[in-house]
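Written out below as structure tokens is the structure these notes cover.
The values are calculated or read from the model by the stated rules, or taken from the named source; none is laboratory data. Here the structure is a predicted model, which is why all the values come from computation and not from measurement. Glycine gets a Cβ as well: all are built from the backbone with ideal geometry, and neighbour counts include every protein chain shown. Remember, those area values only see protein heavy atoms, side chains included, never the ligands or the DNA or RNA. Shrake-Rupley method; radii C 1.70, N 1.55, O 1.52, S 1.80 Å.
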Amino acid sequence: MEKEHIKVFTGTQLFVNRLSNLLNDQSIATLIKDHANSGTLAGFGSPRNSVELFIYNTDLESATPIIEDFKKEIAE
């Protein structure tokens, strides 16, 4: 199976950074795309919750429980 990045979460920079740290603690590599910051630098705005978190598709099975637990945590 070829490694490809897949989007697993979209939210604020704070939430995305927290989830990224949780995944990195389990040796799951992450990639963050911060559209809000990019838009500001380019001179136009974008929603503050437009930060995306990507992982390799090969890590999805091991990452899913961590992501689901995190979503429950932030929903409370």
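Below is a table of values for the structure above.
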| item | result |
| --- | --- |
| Where PHE54, PHE15 fall by accessible area, highest first, once all protein chains stay in place (1.4 Å) | PHE15, PHE54 |
| Integer Hz, Karplus 6.51/-1.76/1.60 couplings in order for the range 8-19, x for Gly and Pro | 10, 7, 9, x, 6, 4, 4, 5, 5, 5, 5, 5 |
| Trypsin sites (Lys or Arg not before Pro) restricted to DSSP loop in the range 3-35 with at most 16 other C-beta within 10 Å | LYS3 |
| Amide hydrogen neighbours beyond the local backbone of PHE9, cut-off 5 Å, H modeled | LEU53 |
| Where labels lie 7 Å past Cα in the beta-carbon direction, separation of HIS5 and ILE32 in nm | 1.3 |
